[in-house]
1. Under a plain spin-label model, where a point goes 7 Å from the Cα along Cα-to-Cβ, how far apart in nm are residue 40 and residue 8?
2. For the residue pair residue 79 and residue 67, what label-to-label distance in nm results when each label sits 7 Å from Cα along the Cα-to-beta-carbon direction?
3. So how much slack lies between residue 52 and residue 24, counting 0.36 nm per residue of separation and subtracting their Cα-Cα distance, in nm?
4. Can you tell me the orientation of helix 54-63 relative to the chain, as the angle in degrees between its alpha-carbon axis and the longest Cα principal axis, to the nearest 10?
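Please treat every number below as a calculation from the coordinates, not as lab data. Because the structure is predicted, anything quoted here is derived from the model rather than measured. Positions of Cβ are backbone-derived with ideal geometry, glycine not excepted, and every protein chain shown enters the neighbour counts.
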């Protein structure tokens, strides 16, 4: 499973940070950061999710008020 995060879309509500340790606050920019995320294109970051963190990653995506977080299964299908 992997997470795709559009940092440009993020509005800094930090609800994802409260739900999953895979995100942290960047108070200087007023946005969340995807921990260990690799930038795949302009302000789009992706990271593989450890199996024991999949539930929390999905929940982080669900609580994002601007849908800046997408979750994909191992087959590449979007699940959140």
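1. Each label point lies 7 Å from its Cα, and together they span 1.5 nm.
2. The two pseudo-label positions are separated by 2.0 nm.
3. This chain segment gains 8.2 nm when fully extended.
4. With both axes taken from Cα atoms, the answer is about 50 degrees.
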